[in-house]
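The structure appears right after this line, and notes come after that.
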Amino acid sequence: MVPSSMISPSYIYACTRFRVRKTTLLPREEYLRIMQMSIPEIITHLGRQEDYRQDIVSLAHEFTGAQLIEEAVNQNLSRSFHHATAIAPGDLQTLTREYLARWDIANVMAILRGTVHNVDRQQIRDLLIPAGEIDDAHLNHLLSLASCSEVIDGLRGWRFYPVLAEQYRACGEKGVFAQFENELYREYYTKLLNLGTSGCSGCQEMIAYLRFEIDITNMRNLLRLHCAEEACDITTIERTMIPGGRIPLSLLQRLYGIETEGEFLNVFLKTDIAPVLAQAVRELRQDPDFSSTDAAELVWQRWHERQRPVHEIEMAITRIRLHQMEALSRRHPFSVLPVLAYLERKRYEIANLRAIARGKAFGLPAERIWQYIVV
């Protein structure tokens with residue numbers, strides 16, 4: 001940790017503001033209250049909250065019901081993230097901008113897929129959150145374009161345009177969007193990890209966090225490939241995996257081809273995912289004796305039956321990851337970590353409110369909606 005005497009006042013001021021902002025996020029008890037409300041009651045409740053009042057009021061003349069909640073919280077997230085970028089100084093601002101580039105990737109992929117499959121433009125627009133460098137006006141322009149190739153051409157000024165340009169001719173072909181997405185996230189994590197080597201306060205801890213995030217993403221992709229109807233060759237696996245994680249890609253490639261329980265358990269237990277998964281299940285099931293071996297066996301059961309991971313367990317792992325980030329941010333209070341801790345928590349606050357709005361709109365019981373809440 002860098003001594004406080006070596007940290008600039010602007011860093012101390014910005015990090016303090018981020019820690020204060022994080023304390024204003026909704027606590028567990030507030031979600032439990034909101035879960036008992038109807039959609040009109042949730043709208044009224046959010047309209048009384050200082051953080052959401054502006055968004056509810058500004059959009060109430062255009063939208064109603066669950067869609068008003070979703071539009072308002074999306075707008076709030078975009079505004080919050082742009083404000084976070086504005087108050088972060090120097091290296092913190094650069095890292096924040098690079099970190100938020102993931103939203104540009106998500107937006108671009110939603111537009112490309114929606115355009116090719118002729119999805120209603122408003123439905124696509126509802127998915128977009130302009131929290132990165134591609135602003136509302138540019139997103140609306142992309143939505144007005146008629147073809148996949150026109151959308152890609154409209155992204156010429158985007159930092160990741162060269163990645164899309166390489167596959168320009170294949171636009172719209174079967175499987176190409178998954179390839180686009182993989183390559184975009186490869187480039188995203190490469191840029192972010194390279195920035196993390198700049199020596200800023202908390203950067204090494206940030207890299208460790210990002211590497212674990214890459215491991216989780218790679219494991220999820222591996223399970224997705226294993227569940228596919230057609231078996232994948234080694235080239236497809238190599239192209240799908242994101243380099244930079246703590247788990248060697250060679251180990252993941254080896255894992256993909258295993259079909260016996262003993263060998264699978266032996267390899268999976270060599271990953272850093274096993275103990276984190278065990279901790280997540282212990283908390284989820286209130287089972288203090290659940291071990292890493294139990295976790296490996298749980299994954300094997302899904303793997304052997306070619307089933308995707310249990311959603312509740314994925315959510316539990318996300319909670320563990322956020323708790324780890326918050327613990328690191330407390331140990332390094334004047335670093336990039338309080339910034340990331342706030343951004344991640346804010347991201348999931350919006351996801352939680354959207355999950356509640358959608359769940360209520362579809363008449364799901366509270367206990368079912370709660371499975372999608374990250375606190």
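The values are calculated or read from the model by the stated rules, or taken from the named source; none is laboratory data. As the structure is a prediction and not an experimental result, all values here were calculated from the model. Note that each Cβ is placed from the backbone with ideal geometry, even for glycine, and that neighbours are counted across all protein chains shown. To get the accessible areas, we keep the full protein, side chains included, count just its heavy atoms, and leave off ligands, DNA and RNA. Shrake-Rupley method; radii C 1.70, N 1.55, O 1.52, S 1.80 Å.
Taking the structure as given and computing volume of the Cα convex hull per residue in Å³, which label from (1) 190; (2) 135; (3) 155 fits?
(3)
Just to confirm the filter: which GluC sites (Glu not before Pro) across region 187-231 are DSSP coil and have at most 12 other Cβ within 10 angstrom of their Cβ?
Details: sites: GLU187, GLU205, GLU213, GLU229, GLU230; in loops: GLU229, GLU230.
Hits after loop and neighbour filter: GLU229, GLU230.
Rank-order 123-136, 276-289 by packing density, defined as the average count of other C-beta atoms within 10 Å over each peptide's residues, highest first. Let's see the in-between values first.
On the way: 123-136: 18.1, 276-289: 15.9.
Output ranking for 123-136, 276-289: 123-136, 276-289.
Given points 7 Å out from each Cα along the Cα-Cβ axis, report the ASP51 to THR293 separation in nanometres with one decimal.
Taking the simple label geometry, ASP51 and THR293 are separated by 4.4 nm.
Among GLY262, ALA228, GLY245, whose Cα sits farthest toward the positive end of the charge dipole of region 164-262 (+1 at Cβ of Lys/Arg, -1 at Cβ of Asp/Glu, about the Cα centre)?
GLY245
Taking a 30 Å limit on the Cα-Cα distance, which of the listed pairs LYS174/LYS270; LYS270/LYS360; LYS22/LYS191; LYS174/LYS346 fall beyond it?
Details: LYS174/LYS270 35 Å; LYS270/LYS360 42 Å; LYS22/LYS191 26 Å; LYS174/LYS346 35 Å.
As for pairs spanning more than 30 Å Cα to Cα, those are LYS174/LYS270; LYS270/LYS360; LYS174/LYS346.
Please compute the length gained on full extension between GLU259 and VAL116, using 0.36 nm multiplied by the number of residues separating them and subtracting their Cα-Cα distance. Please list the in-between numbers first.
Details: separation 143, 0.36 × 143 = 51.48 nm, distance 3.68 nm.
Stretched fully, the GLU259-VAL116 segment lengthens by 47.8 nm.
Can you give the accessible area per residue of the chain, in Å², using a 1.4 Å probe?
On the way: 17560 Å² over 375 residues.
I get 47 Å² per residue for the chain.
In region 41-114, which trypsin sites (Lys or Arg not before Pro) are in a loop and have at most 16 other Cβ atoms within 10 Å, using DSSP for the loop call? Mind showing how you got there, number by number?
Values: sites: ARG48, ARG53, ARG79, ARG97, ARG102, ARG113; in loops: none.
Loop-located and lightly packed - none at all.
For the pair SER58 and ARG285, what calculated FRET efficiency results from E = 1/(1 + (r/R0)^6), where r is the Cβ-Cβ distance and R0 = 41 Å, to the nearest 0.05? Working shown, then result.
Values: r = 43 Å, r/R0 = 1.05.
Step by step, r from the Cβ atoms, then E = 0.45.
Under 12 Å from the Cβ of ILE43, count the other residues' Cβ atoms, weight Lys and Arg +1, Asp and Glu -1, and hand me the total. Don't skip to the end; give the middle numbers.
Numbers: positive: ARG48, ARG53, LYS360; negative: GLU41, ASP55, GLU70, GLU71.
Taking every other residue near ILE43 into account, the sum is -1.
Classify region 276-375 as rounded, prolate or oblate, taking a ≥ b ≥ c as the square roots of the eigenvalues of its Cα gyration tensor: rounded when a/c is under 1.5, otherwise prolate if a/b is larger than b/c and oblate if not.
Details: a/c = 2.30, a/b = 1.14, b/c = 2.03.
Verdict is oblate for region 276-375.
Indicate the gyration tensor shape class of region 1-147 (rounded, prolate or oblate), computed on the Cα atoms with a ≥ b ≥ c the square roots of the eigenvalues: a/c under 1.5 is rounded; otherwise a/b larger than b/c is prolate and the rest oblate.
On the way: a/c = 2.63, a/b = 1.24, b/c = 2.12.
It is oblate, given that a/c is not under 1.5 and a/b is not larger than b/c.
What FRET efficiency, computed as 1/(1 + (r/R0)^6) with R0 = 35 Å and r the Cβ-Cβ distance, is obtained for GLU238 and LEU269, rounded to the nearest 0.05?
Numbers: r = 23 Å, r/R0 = 0.67.
Working from the Cβ atoms, E equals 0.90.
On the principal axes of its Cα set, how long, how wide and how thick is region 150-218? Give whole Å, largest value first.
Result for region 150-218: principal-axis Cα extents of 42, 26, 14 Å.
What's the magnitude of the charge dipole for region 129-214 around its Cα centre, counting Lys and Arg as +1 and Asp and Glu as -1 at the beta-carbon? Answer in Debye, nearest 20. Please report the intermediate quantities before stating the final value.
On the way: 7 positive and 12 negative charges, 46 e Å.
Value, rounded to 20: 220 debye.
On a 1.4 Å probe surface of the protein chains, which of HIS141, HIS61, HIS311 comes out largest in accessible area, and what is the full order?
Numbers: HIS141 90, HIS61 145, HIS311 60 Å².
Per-residue accessible area, sorted high to low, gives HIS61, HIS141, HIS311.
Considering only protein heavy atoms and a 1.4 Å probe, what is the carbon-and-sulfur percentage of the accessible area of the chain? Walk me through the numbers on the way to the answer.
Working: 8820 of 17560 Å².
About 50 percent, which is the carbon plus sulfur part of the accessible surface.
Region 1-74: which GluC sites (Glu not before Pro) are DSSP loop and have at most 10 other beta-carbon atoms within 10 angstrom? Mind dumping the intermediate values first?
On the way: sites: GLU29, GLU30, GLU41, GLU50, GLU62, GLU70, GLU71; in loops: GLU50, GLU62.
Loop-located and lightly packed - GLU50, GLU62.
Where does the chain land at 222 nm, in deg cm²/dmol rounded to the nearest 500, when only DSSP H runs of n ≥ 4 count, each adding -39500 (n - 2.57), divided by all residues? Walk me through the intermediate numbers first.
Details: 20 runs with 262 residues, N = 375.
Using -39500 (n - 2.57) per qualifying helix, the result is -22000 deg cm²/dmol.
List the relative contact order of the chain as a percent without decimals, with contacts defined as Cα pairs under 8 Å and 6+ residues apart.
Details: 398 pairs, mean separation 80.3, N = 375.
Reported relative contact order: 21 percent.
Pop a pseudo-label 7 angstrom from the Cα along the beta-carbon direction at both GLN324 and ARG224 and give the gap in nm to one decimal.
Output for this residue pair reads 2.1 nm.
Please give the net charge around GLN75, taking every other residue with its beta carbon less than 10 angstrom from that of GLN75, where Lys and Arg add +1 and Asp and Glu add -1. Can you show the working numbers first?
On the way: positive: ARG79; negative: ASP55, GLU70, GLU71, ASP136.
So the environment of GLN75 carries a net charge of -3.
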